């Protein structure tokens, strides 16, 4: 199987080839595995490759196809998972030394759903430790490289998931998005990245960073593939009390309906100083394409946008400090016992297990929740969050989908922002609000910059309306002329 | 509100983190900068605005109070202990806490 096939391969197309027996899942899986072996050293996007298990799953998928029963669009399709989703019997590290030897006894709900759909899991992908970061530089397993320029970051925290698809080491992958961790790396790597509405996809078995913001979603080469992946993972789960109890629609159903009559909102607060000129121009050009296809472009306002980063870094770190309290060296995870007693065991284990960014966020979160500061920080941030959420509700009275840049710049250099946490935090400026509001968002490639780096268009949808979001995204993809873009490797 | 080395040490204790004196001063500097940025929130009038802690409808689902495994595989003591760094006689072990 040649590399060209993998570079342009979509779930939709491979699924047809598998059904018609033009190829087998075993052949496809072997082709990806050999490409992973060839390129992973250079890109460092896989933490664990599960070759043997993948081949067993591929054989089972081939049998399922041969028997012709219970076939889904994902049956036999090789995918991979961010190393934040628990996988039964396969090490799940969250890119942390803390979980360097953790072998979960259970599958996350999304892992299980993908397995049941017949997908072949190739392995576990690199990320910022505990999903804390915007560059995949904060991994205990080394930096993941951007396949468009290996001196640059792939974005984060789901950097490995973006690279696995951009470099064609998987047909699709799964990541998580707490403040932009799917959409920003998708933008920086030139792939499609979808964050569903909060509550649309179960968080059970997804290692928690900030529970009120975390949401799982797919990386794919096309919008249609993103809809197929969402079909497979969406739905209520009694094991996640925040999972929305509403049957999901078929997300592919209205993909081809076009944008005629849809209102596209353009928020003035997203076209600000600091936004790279080429990014701005290409996003405006993308909006013009939607207009040409019959969409009505309206100006909207999201007046509290400038506070979103502050709100996010107070709320997300507060939730993280609480969530990560479970890592105490007793029940699972790293334990460092110097024989100095229980408190020292806790401290020594956490000191050795967590990296610098994780500690920084635990510190910030603990501080903002601590006595005397709670009202000024955590409570205030939660109130401003309400205003940000209301901004979206108001804006969506005037439009159906909002269009913005995904990231203020293209991929930055490895190390460029690593020494200044605040500058790094500000790189999430256009993605964070949707997590605070719970809205779905998608990043789609809209141009390759003059220096050869992908630029992403972000579309934001009404809460629970991924259908219209995907419809608009698909219309853009069809008429943008950008197509599937692949880096030379 | 400006954060000091002393605050950082106190917070590290609450968070059960050991920080070297080098880390302490680095975190003090960095947290100071982050907190100065988030100070911006004080200019927003939030009088009468309720906090948002979750974006899903407030009603929390109830279920029968019955013990049941989360997953078929998640059954039994052995499973609960298999990732524990130290166990004895089917229990997690911790250093002695009572003198």
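Numbers for the structure displayed
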{"read-out": "Residue within region A:252-265 that is away from every other protein chain (no Cβ under 14 Å), crowded, with 19+ Cβ neighbours inside 10 Å and farther than 24 Å from residue A:392 by Cβ present", "value": "yes"}
{"read-out": "Residue A:245 vs. criteria assigned to a helix (DSSP H, G or I), more than 16 Å from residue A:411 (Cα to Cα) and over 15 Å from the mean Cα position of the chain (by Cα)", "value": "no"}
{"read-out": "Residue within region A:228-240 that is in contact with a strand residue (DSSP E or B) (Cβ under 6 Å, 6 or more places away or on another chain), assigned to a helix (DSSP H, G or I) and closer than 26 Å to residue A:405 by Cα present", "value": "yes"}
{"read-out": "Count of residues meeting criterion [in a loop (DSSP other than H, G, I, E, B) and surrounded by fewer than 24 Cβ atoms within 10 Å (Cβ to Cβ)] in region A:94-106", "value": "7"}
{"read-out": "Residue list for region A:322-345, restricted to those being within 7 Å of chain B (Cβ to nearest Cβ), farther than 12 Å from residue B:18 by Cβ and not in a loop (DSSP other than H, G, I, E, B)", "value": "A:342"}
{"read-out": "Selection count, region A:377-426, where residues are in a loop (DSSP other than H, G, I, E, B) and either more than 14 Å from every other protein chain (Cβ to nearest Cβ) or free of Cβ contacts under 8 Å to residues at least 12 places away in the same chain (or both)", "value": "14"}
{"read-out": "Hits in region A:409-428 (condition: surrounded by fewer than 19 Cβ atoms within 10 Å (Cβ to Cβ) and touching a helix residue (DSSP H, G or I) at 6+ places or on another chain (Cβ under 7 Å))", "value": "A:409, A:422, A:426"}
{"read-out": "Residue check, residue A:16 without any contact (Cβ under 8 Å) to a residue 40 or more places away in the chain and more than 22 Å from the chain's Cα centre (by Cα)", "value": "yes"}
{"read-out": "Residue among A:63, A:59, A:42, A:37 that is part of a helix (DSSP H, G or I), surrounded by fewer than 17 Cβ atoms within 10 Å (Cβ to Cβ) and touching a helix residue (DSSP H, G or I) at 6+ places or on another chain (Cβ under 8 Å)", "value": "A:59"}
{"read-out": "Search result, residues across region A:310-340 that are free of Cβ contacts under 8 Å to residues at least 24 places away in the same chain and either in contact with a helix residue (DSSP H, G or I) (Cβ under 7 Å, 6 or more places away or on another chain) or crowded, with 23+ Cβ neighbours inside 10 Å (or both)", "value": "A:328, A:335, A:336, A:337, A:338"}
{"read-out": "Candidate set: region A:433-455, residues that are assigned to a strand (DSSP E or B) and under 14 Å from the mean Cα position of the chain (by Cα); chosen: the one surrounded by the most Cβ atoms within 10 Å (Cβ to Cβ)", "value": "A:443"}
{"read-out": "Test: residue in region B:57-74 that is surrounded by 13 or more Cβ atoms within 10 Å (Cβ to Cβ) and modelled with pLDDT of 90 or more", "value": "no"}
{"read-out": "Selection from region A:352-372 of residues that are within 7 Å of chain B (Cβ to nearest Cβ), crowded, with 19+ Cβ neighbours inside 10 Å and free of Cβ contacts under 8 Å to residues at least 60 places away in the same chain", "value": "A:359, A:362, A:363, A:364, A:366, A:367"}
{"read-out": "Tally of residues being in a loop (DSSP other than H, G, I, E, B) and in contact with a strand residue (DSSP E or B) (Cβ under 9 Å, 6 or more places away or on another chain) across region A:76-93", "value": "8"}
{"read-out": "Residues of region A:375-406 classified as out of contact with any helix residue (DSSP H, G or I) (no Cβ under 9 Å at 6 or more places or on another chain) and under 16 Å from residue A:268 (Cα atoms), total", "value": "5"}
{"read-out": "One residue from A:142, A:155 being crowded, with 24+ Cβ neighbours inside 10 Å, on the phi > 0 side of the Ramachandran plot and out of contact with any strand residue (DSSP E or B) (no Cβ under 6 Å at 6 or more places or on another chain)", "value": "A:155"}
{"read-out": "Helices (runs of 4 or more DSSP H) fully within chain B counting 3 or more residues that are in contact with a helix residue (DSSP H, G or I) (Cβ under 9 Å, 6 or more places away or on another chain) and at the interface with chain A (Cβ under 9 Å from one of its Cβ atoms)", "value": "B:5-14, B:21-38"}
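Okay, residues lined up against (1) within 8 Å of the chain's Cα centre (by Cα); (2) part of a loop (DSSP other than H, G, I, E, B):
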residue: A:157; (1), (2): yes, yes
residue: A:162; (1), (2): yes, no
residue: A:170; (1), (2): no, yes
residue: A:173; (1), (2): no, no
residue: A:176; (1), (2): yes, no
residue: A:181; (1), (2): yes, yes
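Residues checked against (1) in contact with a helix residue (DSSP H, G or I) (Cβ under 6 Å, 6 or more places away or on another chain); (2) touching a residue at least 24 places away in the same chain (Cβ under 8 Å); (3) farther than 30 Å from residue A:236 by Cβ:
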residue: A:79; (1), (2), (3): no, yes, no
residue: A:88; (1), (2), (3): no, no, no
residue: A:103; (1), (2), (3): no, no, no
residue: A:107; (1), (2), (3): no, yes, no
residue: A:137; (1), (2), (3): no, yes, yes
residue: A:158; (1), (2), (3): yes, yes, no
residue: A:163; (1), (2), (3): yes, yes, yes
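The values are calculated or read from the model by the stated rules, or taken from the named source; none is laboratory data. In this text the structure is predicted, and so the values were computed from the model without any measurement. Here the Cβ is made from the backbone with ideal geometry for all residues, glycine too, and neighbour counts use every protein chain on show.
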